[in-house]
Amino acid sequence: MSYELIETNVDTAAGVATITLNRPEARNALSNALMNEVSAAVDVFENDEDIGCIVLTGKGGKAFAGGADIKEMADRTYAQNHKENFVTANWERIAECRKPTIAAVVGYALGGGCELAMMCDIIVAADNAKFGQPEINLALLPGAGGTQRLTRFVGKSTAMDMCLTGRMLNAEEALASGLVARIAPADELMDLALEMGKSIASKSKLASMAVKEAVNTAYETTLSQGVMFERKAFHAAFSLEDAKEGMAAFIENRPARWHNK
Ligand code: HXC
């Protein structure tokens, strides 16, 4: 595939694919065409058996993404949004990806940029990262899940503060609030993200997919329903050759060899 607004890279040995948003002059503003390319790349990598993890990042050092492309959005109408199913059509693809995803955020992750990062399974951030939902300053509101995912991550009071005042969280605040899993100096962030991706990709891919489904279920159900989902998934894991291999390898004191079966 060739792309104009993103770059992709595959580290075959590590099993990690990287998608880089590539409009640094526009702070990687998320135009419709760019989101189509992100969607297409996720399709490719999700279906590539050699890929165990996808890292999403932004080029230029100043922004992961400054949000949806305001210049492109300005003339939109309600009818057009409704007809084209604006946002859902191509933005949700990364949230629906069955393989683990990591957002590596350097600089600003604002509006749709913050929402895109939150669609990933793990967010890691550079020490210069800033997370915000400043749509209120445009008399808009988050439209790609921001009010919902952010509230689940940071709680109601902080989510309200961010969405009503437009206040940004810095990297330390994002780490403390649970929005971000790890932080690193900006020039070390990609190494960290790729190392985490490599670690994830080195596990049984079927087991990783089951973990992802189970953790995500925590956001969708009651505790008892979620525990029941986990129990069924745990029981089913014993049908995997990989689980038998993992336990045998431990008992025989040798490295496990995964066959993703
Ligand atoms: C279109 C954008 C943009 C955006 C930046 N640019 N963000 N263009 N849409 N979201 C463009 C600027 O217009 C400018 O273009 C160039 O990128 C550099 O921007 P600067 O402001 O000069 O850069 P900087 O001083 O580094 O500030 C970066 C920034 C700021 C903090 C990210 O640009 C900013 O506040 N951007 C808007 C943030 C925002 O409101 N996001 C929410 C959007 S609504 P020129 O041509 O002048 O060089 C949204 C809704 C999502 O995301 C709902 C789901 C779809």
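Since every read-out is calculated from the coordinates, none of them should be taken as a lab result. Predicted model, so just to flag it, every value in this text is computed and none were measured.
Using the rule -39500 (n - 2.57) for each DSSP H run of four or more residues, divided by the residues of the chain, the 222 nm mean residue ellipticity is -13000 deg cm²/dmol. Taking every DSSP beta bridge that has both ends in the chain, the antiparallel portion is near 25%. Using only the Cα atoms of the chain, build the gyration tensor, take square roots of its eigenvalues as a ≥ b ≥ c, and label the shape rounded, prolate or oblate: rounded if a/c is under 1.5, else prolate if a/b is larger than b/c, else oblate. In terms of gyration-tensor shape, prolate.
Pairs exceeding 29 Å between alpha-carbon atoms, taken from LYS59/LYS198; LYS130/LYS232; LYS130/LYS212; LYS130/LYS203: LYS130/LYS232; LYS130/LYS203.
For a straight C-alpha distance cut-off of 20 angstrom, the aspartates and glutamates reachable from LYS156 (same-chain residues fewer than eight places away being disregarded) are GLU115, GLU135, GLU172, GLU173, GLU220.
Largest first, the three principal axis extents of the alpha carbons in the range 184-225 are 42, 23, 9 Å in whole numbers. When both the range 11-54 and the range 97-166 are represented by their alpha-carbon centers, they are found 19 Å apart. Among GLU92, GLU49, GLU195, the largest mean-square fluctuation in a Gaussian network model of the chain (Cα springs under 10 Å) belongs to GLU49.
Highest mobility in the GNM of the chain, judged by mean-square fluctuation with C-alpha springs under 10 Å and restricted to ARG93, ARG76, ARG167, is found for ARG76. Under a Gaussian network description of the chain, with springs only between Cα atoms under 10 Å, the residue in ALA174, ALA33, ALA201 that fluctuates furthest is ALA33.
Using only the alpha-carbon atoms, how far is helix 32-46 inclined from the longest principal axis of the chain? Give it as 0 to 90 degrees, nearest 10. Tilt of helix 32-46: around 0 degrees.
Cross-link reach is defined here as a Cα-Cα straight distance under 15 Å, omitting same-chain residues fewer than 8 places apart; for LYS261 the aspartates and glutamates meeting it are GLU49, ASP50, GLU241, ASP242, GLU245. Against the chain, whose longest principal axis is taken from its Cα atoms, helix 189-201 shows a tilt of about 40°. Counting only alpha carbon atoms, the long axis of helix 223-237 and the longest principal axis of the chain meet at about 40°. Length gained on full extension, ARG152 to LYS71: 26.2 nm, using 0.36 nm per residue less the C-alpha separation.
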